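Every number in this text was worked out from the coordinates using simple rules, so none of it is lab data. Everything numeric here is computed off the predicted structure, so don't read it as measured data. Cβ coordinates were reconstructed from backbone atoms using ideal geometry, including for glycine residues, and neighbour counts include every protein chain displayed.
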Amino acid sequence: MELHPITSILKETLHESDIKNGIVWISVEGATPALCLLRRGIEKRFLSYIARLIPFTGWNHGNAYAHLISTLVSTNKAIPIINGELLLNPDEEVYVLETRSVYNHVRKIAIEIHGN
Amino acid sequence: MVTFVCLDVKIYRLTFESPGYTVLDITSHIAEIVHQTGFYKGTAIIYTNEEGCAVIEIEYAPDLLEDLELFLKKLGCIEENLCDVILGRSVVIPVVNGSMFLGRFKNLAFIDISRKAGNKALVMVLEGIFKSS
């Protein structure tokens, strides 16, 4: 499993929109990734916990662990915008969690910014 | 270039029969409403307030749904009737150019673990731009 930080992309997109107050909806395409907000520094602990909660093996479906993590952690997140900034703590990062080993794979993310 | 538009909100209610312990693929029903209403860009919120029911995103494959049931049993939420709290009662799906942003394998599923058969409801809130508006 691998975490890919996307906070800087979200911030750039938000600043481009010039929206000051509202909400950012983020969604990742596909049935096996997930989106999560994590404090920097706890990434390894989070991945270890998820792997204990939903082990790689012992299921009927081939990559069931990846689907179950995606369903449980969710592929959607909402973050409020206040005074033109995402309401995140300074030590927080938004990540795309890739649950499977994928190479040369393009993952699409939808970012909707609602506000004024 | 930034374009400002006013967003419309439309709300729909879907009802269907449930045996009280089931998983239903609701993707095509939701997609049909998105299509019929001319919903073009925005968010579709699918919510249920039915007791013991949840709305989730998952590939609708029988062996995977068995795995989900196994996982929920391991968590112990089925016997406690708390799976709706774990799984959540709503999902939010972006709609981009008239299509739901799901990907090839992801479906929308209604889960009923209430053990109470009967008529169950979903509420769908579409917020965004409609072709007719």
Inset, instruction - Identify, among B:Gly88, B:Pro62, B:Ile45, the residue whose Cα sits farthest towards the positive end of the charge dipole of segment B:35-89, taking +1 on the Cβ of Lys and Arg and -1 on the Cβ of Asp and Glu, with the dipole about the Cα centre. - result: B:Ile45
Inset, instruction - Can you tell me the 0 to 90 degree angle between the C-alpha axis of helix B:27-36 and the longest principal axis of chain B, rounded to 10? - result: 20 degrees
Inset, instruction - Might you report the magnitude of the Cβ-based charge dipole of the protein assembly as shown about its Cα centre, with Lys and Arg at +1 and Asp and Glu at -1, to the nearest 20 debye? - result: 160 debye
Legend entry - Computed FRET value (nearest 0.05) for B:Asn119 with A:Ile23, which takes r as the C-beta separation and R₀ as 41 Å: 0.80
Legend entry - Peptides ranked, highest mean first, by Cβ atoms within 10 Å: ranges B:39-51, A:24-36, A:52-64: A:24-36, B:39-51, A:52-64
Legend entry - Rg/Rh (Cα only; Kirkwood hydrodynamic radius) as it applies to chain A: 1.01
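Could you compute Rg(Cα) / (2.2 N^0.38 Å) for chain B, with N its residue count?
So the Cα radius of gyration is 1.13 times the expected 2.2 N^0.38 Å.
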Legend entry - A:Thr57 paired with B:Ile33, simple spin-label distance in nm, labels 7 Å along Cα-to-beta-carbon: 4.4 nm
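Report the Rg/Rh value for segment B:81-127, based on alpha-carbon coordinates and the Kirkwood definition of Rh.
1.02
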Legend entry - Cα-based helix-to-principal-axis angle, B:62-75 vs chain B, degrees rounded to 10: 60 degrees
Inset, instruction - Quote the charge dipole size of segment A:7-84 about the Cα centre in Debye, to the nearest 20; the model charges only the Cβ of Lys and Arg (+1) and of Asp and Glu (-1). - result: 420 debye
Inset, instruction - Please tell me the relative contact order of chain A in percent, rounded to the nearest whole number, where contacts are Cα pairs under 8 Å and at least six residues apart. - result: 52 percent
Legend entry - Per residue, the convex hull volume that the Cα atoms of the protein assembly as shown enclose (Å³): 134 Å³
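Quickly estimate the mean residue ellipticity at 222 nm for chain B, helices only: each DSSP H run with n ≥ 4 gives -39500 (n - 2.57), and the total goes over all residues, rounded to 500. Numbers along the way, then the final one.
On the way: 3 runs with 29 residues, N = 133.
When only DSSP H runs of four or more count, the value is -6500 deg cm²/dmol.
Place a +1 charge on the Cβ of each Lys and Arg in segment B:9-130 and a -1 charge on the Cβ of each Asp and Glu, then give the dipole magnitude about the Cα centre in debye, rounded to the nearest 20. Intermediate results must be reported in sequence, preceding the final value.
On the way: 11 positive and 16 negative charges, 90 e Å.
Here the size comes out at about 440 debye.
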